[in-house]
1. Return the long-range amide H neighbours of LYS228 (sequence gap of 5 or more, or a different chain), with a cut-off of under 5 Å between placed amide H atoms.
2. Under unit Cβ charges (Lys, Arg +1; Asp, Glu -1), what dipole magnitude, rounded to 20 debye, does the chain have relative to its Cα centre?
3. Projected area of region 412-509, taken from the Cα convex hull and averaged over every viewing direction, in nm²?
4. What would the Debye equation give as log₁₀ I(q)/I(0) for region 1-92 at q = 0.15, 0.17, 0.20 Å⁻¹, counting only Cα atoms as equal point scatterers?
5. Each label point is 7 Å from the Cα along the Cα-to-Cβ direction; what then is the distance between the points at ALA21 and HIS146, in nm?
6. With an 8 Å Cα cut-off and a minimum separation of 6 or more residues, compute the relative contact order for the chain in percent.
7. Rounded to the nearest 5, what is the percent of antiparallel bridges among the DSSP beta bridges in the chain?
8. Report, in degrees rounded to the nearest 10, the 0 to 90 angle that the Cα long axis of helix 114-123 makes with the longest principal axis of the chain.
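Values quoted throughout were computed directly from the atomic coordinates according to the rules given, and no laboratory measurement underlies them. For clarity, every value in this text was computed on a predicted model and none was experimentally measured. We place every Cβ from the backbone using ideal geometry, glycine too, and count neighbours over all the protein chains shown.
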Amino acid sequence: MTTHQNLFAALRAQFPADLDATAVETDNGLFYTWRDLDRATARMANLLASLNLPAGARVAVQVEKSVEAMVLYLATLRAGYVFLPLNTAYQSAEIEYFIGNAEPSVVVCSAANFGWVSKIAFKAGTAHVFTLNDDRTGSLLERAAHFGDEHEVAACGADDLAAILYTSGTTGRSKGAMLSHGNMLSNAVMLKDYWGWQPGDVLIHALPIFHVHGLFVAIHGALINGSKMIWLSKFDPKLVIRKMPEATVFMGVPTLYVRLLADPGLTREVASHMRLFIAGSAPLLIETFKEWQDRTGHTILERYGMSETIMLTSNPYAADARHGGQAERRGGTVGFPLPGVSLRVQSDEGAALPVGEIGGIQVKGPNVFKGYWRMPEKTAEEFTADGYFKTGDVGKVDERGYVTIVGRAKDLIISGGYNVYPAEIESYINDMPGVAESALVGVPHPDFGEVGVAVVIAKPGAQVEAAQVIATLKSQLANFKIPKQCFVVAELPRNTMGKVQKNLLREQYKSLFV
């Protein structure tokens, strides 16, 4: 077995020749060189190695975003252990579940949470609990400072576990998706080419780092290209706009693009040095897509991935020969399956569906995860006999190969025996004057089994009448698709990645008709 299968070794091999160049510049005026990253990850990897952890030990981390938190992730890979990032919004019951389920050997939390997190961790049998804060303090750094800054990267096979990501668990208990060194490395190498990463690229990193998007897609993308990161502890539209002339790449969730568009400072001139804007993690409204084009002269590249697979599809970076030289970035789609990824759309009965038909999306490829942590039955359930992973997303592929996601299978509403796809109805509502965004959820109904309820937010200063929304839909859609009720509200519940939490809306409106 050679060390080059270790993801860290592959990232480290792409550091630039000049190790004293800036690798990360933070929003509070700190500069980290590539040598700093190499030495800091070595110290931390040496600390982890000194703890005599079992092979495959999990390192669970719930801390605020900082460069040191990224260093801890890289050090965990470097030392050959398994990284387990936890959303900073999780409270005690959730942390208790994750620690109980993953049985980490090491837990790292912010000093402010040490009291209750350490209690849960020690009770569950975790041997080591460290603190790490976003101001370069904490027991983890104090301990690591005593170790040497050279470390031989641990030998890892492509199939060795590198990270466990708990999926949001909107239905039932969260499941731990197991990602290997090979899963993540194959995706990083492929995206470097597909998204046209170039020497001199600079990434604005404004995403959280407990999630695939910020931790893997963004960080791996910059590191494997030897690219500097402008590191923002949290998203600030004014600061992002101010940094655009120094950068070339930005990755964001749709909410971030909406907030950038709300700032008058966003102009063609300020964005003229940028090369690429990428969106994902939630659906991008066609209106946002078009407004961004008009305001900046750039076309957002929308892509699709999940915790279990990292990136699966992407709109093309350029109209290249792969797609007959004719492909463009198309709003409302997530582009083509990435090289090496096989994607198909199947009926509930498991039959292949023709072009343009809506069904369940299934995928296969080197980026697809190994299964769910300690859930062999669930893992078996989610894979087909011929090795395709059932994503749980519903979508279609058009005659040119563009993939469009229509929604989650669990969001499907079956009303009076008819299938209603929320994304379709939402797209009609979102096109109505004054509507900023909408969500359609299914709730129990004595007559139809389930009916749709539309929840709408209006644009600032606009008036939207619930009755008018329903009346307009009646003139556009079949009767079985029409929501039985509509509510105009101030905001929709979202998770930290900007996704609307439909489970909370279903819960809120479940007794409307019962």
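1. Correct list: LEU203.
2. With only Lys, Arg, Asp and Glu charged at Cβ, the dipole is about 320 debye.
3. On the way: hull surface 24.6 nm².
Averaged projected area of region 412-509's Cα convex hull equals 6.1 nm².
4. So the normalised log intensities are -0.65, -0.82, -1.06.
5. Those two pseudo-labels are separated by 3.7 nm.
6. Numbers: 1044 pairs, mean separation 52.9, N = 514.
Reported as a whole number, the value is 10 percent.
7. On the way: 45 of 78 bridges.
In the chain, approximately 60 percent of DSSP beta bridges are antiparallel ones.
8. 80
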